[in-house]
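Here is the structure we will look at, set down as structure tokens.
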Amino acid sequence: MMGITMTITADNFPRRGQYVETEHHGLPCVVRTTDFGHKCGYIGLPESHPLFGKHYDDVPDVVDAFGGFTFSEPGAGGLWWIGWDDAHYEKFSGDHMQECARLAELLMGPLD
């Protein structure tokens, strides 16, 4: 896990709600369900990642999240968290954790 140890709880994660935590391609991934029923996916980036500290609009198009990335903030574990959500006109019909895994793989590959 690239030396990152973290546990996300309702107290230290930027948003509250039900969540599932796992790891894909060495990056921690979280999917949470909001009180309104839509889901948000988050991926934690270590300081060594080239997108650490960058705004979500700076994520290259090669990393194509459903509806685009809508979140980027520092958070749990000293990581920079980027995220996406499915609260869009066209509802996401896939598996949210698989989407996080796909995005994590893309984030660990070439970003140009």
Looking across region 31-77 at residues that are under 16 Å from L111 (Cα atoms) and among the aliphatic types (A, V, I, L, M), the single one that is modelled with the lowest pLDDT is A65
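With the structure loaded, tell me whether E47 is within 16 Å of L27 (Cα to Cα), open to solvent by 60 Å² or more (accessible area, probe 1.4 Å) and in a strand (DSSP E or B) or whether it fails that test. Even if it seems obvious, please write down each step before you answer.
On the way: within 16 Å of L27 (Cα to Cα): yes; open to solvent by 60 Å² or more (accessible area, probe 1.4 Å): yes; in a strand (DSSP E or B): no.
So E47 does not fit the description; no.
The values are calculated or read from the model by the stated rules, or taken from the named source; none is laboratory data. Everything quoted here is computed from the prediction, not taken from an experiment. Remember, those area values only see protein heavy atoms, side chains included, never the ligands or the DNA or RNA. Shrake-Rupley method; radii C 1.70, N 1.55, O 1.52, S 1.80 Å.
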